[in-house]
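Read the figures in this text as sums done on the coordinates, not as results from a lab. Worth saying up front: this structure is predicted, and the values here are computed from it rather than measured.
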């Protein structure tokens, strides 16, 4: 995917989010800019998503953002 972006003539700004996670405010801003709910951003495969029960409606958006 990165190669495809570069081939289009764009040079993306890469953020290593595992090394430098976004702040809560940055995350809220990104979600708002993308028009997504926190649950839509969660990775489901290869993660503890099911073990933590993150698909359960009891988790509020605020709680999911704070994880």
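Assorted remarks:
- Mean residue ellipticity (222 nm) of the chain, computed from DSSP H runs ≥ 4 via -39,500 (n - 2.57), nearest 500: -10000 deg cm²/dmol
- The structure-derived value of Kirkwood radius over Cα pairs in Å appears in the list [x] 14.0; [y] 13.0; [z] 12.2 under the label [x].
- Between the Cα long axis of helix 24-34 and the first principal axis of the chain there is an angle of about 70°, rounded to the nearest 10.
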